[in-house]
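Novice: Got a structure for you, written out below as structure tokens; questions coming shortly.
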Amino acid sequence: MKKGEFEKAIGCSGKSVNNFLGQNGPTKGIESNTYSNAFVFFKKRELQGIKPPRKKVKKADEQPKIDVSDVHLDGEDTEEVEVYETCDEVRKKVNAYLRQPNVTQAGFCREISKTFQNGKKVIPKTLTDFLSKKGPSAGNTSAAFYAAYVYFEKLRIKEGKPKSKFRQEMEEIWKGRSGARPGFDTKTPSNRGYFCRANERPYEDKYGWVTFH
């Protein structure tokens, strides 16, 4: 469906649609007719069992725009790269990457699977399961999380980009974990239980750090 056909289908002008698409934020544009009309449009299609069209991209066109194979990270050979991003942050990067032209989940999975030296593969289902979770540490043991982090870290280095403020804060918090390997925990499932006093409850902050209150 072309843009003009979509505008006609939801009964909104091109200006209204463009204004809505130009918004950024969880509640930006919520009062727009485009938002309400498009919601009804897609809900009807969902109830009718109409699935959104899948990207049709030739495998040859799925090659990464930037080759990161010449970037090597400490611990990469033994799958011990120190991670300094939360699961939510990596999910943001993956979703943004997948929105690019000529990029598919299958192609992305093949690319990040190169992280593993033992032939381990990240399949689309593993990636989908990881992306469906929500929370700083939700999905921390997923191969998709670790492999995607390594890929984006290599990409950052290759492009010569500085570390973000959040990334620097993550390093300050996770580099000095007492009695544990530095870096975000990718070994212990985030849904584990905690021992705490009767009047305390575990609290996880935006960095995935758990304290008791």
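Novice: Might you let me know whether region 1-13 holds any residue that is within 25 Å of Lys92 (Cα to Cα) and either in contact (Cβ under 8 Å) with a residue 60 or more places away in the chain or among the charged types (D, E, K, R) (or both)?
Specialist: no
Novice: Taking the conditions exactly as written (free of Cβ contacts under 8 Å to residues at least 24 places away in the same chain and under 28 Å from Val71 (Cβ atoms)), does Lys165 satisfy them or not?
Specialist: Here the answer is yes, as Lys165 does meet what is asked.
Novice: Related question: Can you confirm whether Glu80 is surrounded by 15 or more Cβ atoms within 10 Å (Cβ to Cβ), of a type in the set (Asp, Glu) and modelled with pLDDT of 85 or more?
Specialist: no
Novice: Can you pull out every residue in region 193-213 that is out of contact with any His (no Cβ under 8 Å at 6 or more places or on another chain), in a loop (DSSP other than H, G, I, E, B), surrounded by 10 or more Cβ atoms within 10 Å (Cβ to Cβ) and of a type outside the set (Phe, Trp, Tyr)?
Specialist: Answer for region 193-213, where residues must be out of contact with any His (no Cβ under 8 Å at 6 or more places or on another chain), in a loop (DSSP other than H, G, I, E, B), surrounded by 10 or more Cβ atoms within 10 Å (Cβ to Cβ) and of a type outside the set (Phe, Trp, Tyr): Cys196, Asp205, Lys206, Gly208.
Novice: Any idea which of Glu153, Glu159 is assigned by TED's automatic domain parsing to the domain that holds Arg91, touching a residue at least 60 places away in the same chain (Cβ under 8 Å) and buried (at least 19 other Cβ atoms within 10 Å of the Cβ)?
Specialist: Glu153
Novice: So, one more: Between residues in region 195-208 that are of a type in the set (Asp, Glu) and residues that are modelled with pLDDT of 75 or more and not in a loop (DSSP other than H, G, I, E, B), which pairs lie under 7 Å by C-beta distance while being six or more apart or on different chains?
Specialist: Glu204/Val210
Novice: A follow-up question, please. Can you confirm whether region 136-147 contains a residue that is in the same structural domain as Lys92 (by TED's automatic domain parsing), without any contact (Cβ under 8 Å) to a residue 24 or more places away in the chain, over 25 Å from Asp77 (Cα atoms) and not β-branched (Val, Ile, Thr)?
Specialist: no
Novice: Next question, about the same structure. Tell me whether region 3-16 contains one or more residues that are within 27 Å of the chain's Cα centre (by Cα) and of a type in the set (A, V, I, L, M, F, W, C).
Specialist: no
Novice: Which is in contact (Cβ under 8 Å) with a residue 24 or more places away in the chain and either touching a Ser or Thr at 6+ places or on another chain (Cβ under 9 Å) or hydrophobic (A, V, I, L, M, F, W, C) (or both), of Lys114, Lys121?
Specialist: Only one candidate qualifies: Lys114.
Novice: May I pose another question? Out of (1) surrounded by 13 or more Cβ atoms within 10 Å (Cβ to Cβ); (2) in a helix (DSSP H, G or I); (3) not polar (S, T, N, Q), the odd one out for Lys125 is which?
Specialist: Of the numbered conditions (1) surrounded by 13 or more Cβ atoms within 10 Å (Cβ to Cβ); (2) in a helix (DSSP H, G or I); (3) not polar (S, T, N, Q), the odd one out for Lys125 is (1).
Novice: Determine the pairs where a residue that is free of Cβ contacts under 8 Å to residues at least 60 places away in the same chain, located within region 86-100, has a partner that is assigned to a helix (DSSP H, G or I) and crowded, with 21+ Cβ neighbours inside 10 Å with Cβ atoms under 6 Å apart, the partner being 6 or more residues away or on another chain.
Specialist: Every condition considered, the pairs that remain are Val94/Ala148.
Novice: Further question on the same structure: When you look at Pro189, is it closer than 20 Å to His72 by Cα and either at pLDDT below 95 or within 22 Å of the chain's Cα centre (by Cα) (or both), yes or no?
Specialist: no
Novice: Just to verify a result, which residue in region 1-52, among those that are assigned to a loop (DSSP other than H, G, I, E, B) and hydrophobic (A, V, I, L, M, F, W, C), is modelled with the highest pLDDT?
Specialist: Per the stated criteria, the residue is Cys12.
The values are calculated or read from the model by the stated rules, or taken from the named source; none is laboratory data. Everything numeric in this text was worked out from a predicted model, so none of it was measured. Every residue, glycine as well, gets a Cβ built from its backbone with ideal geometry; the counts of neighbours run over all protein chains shown.
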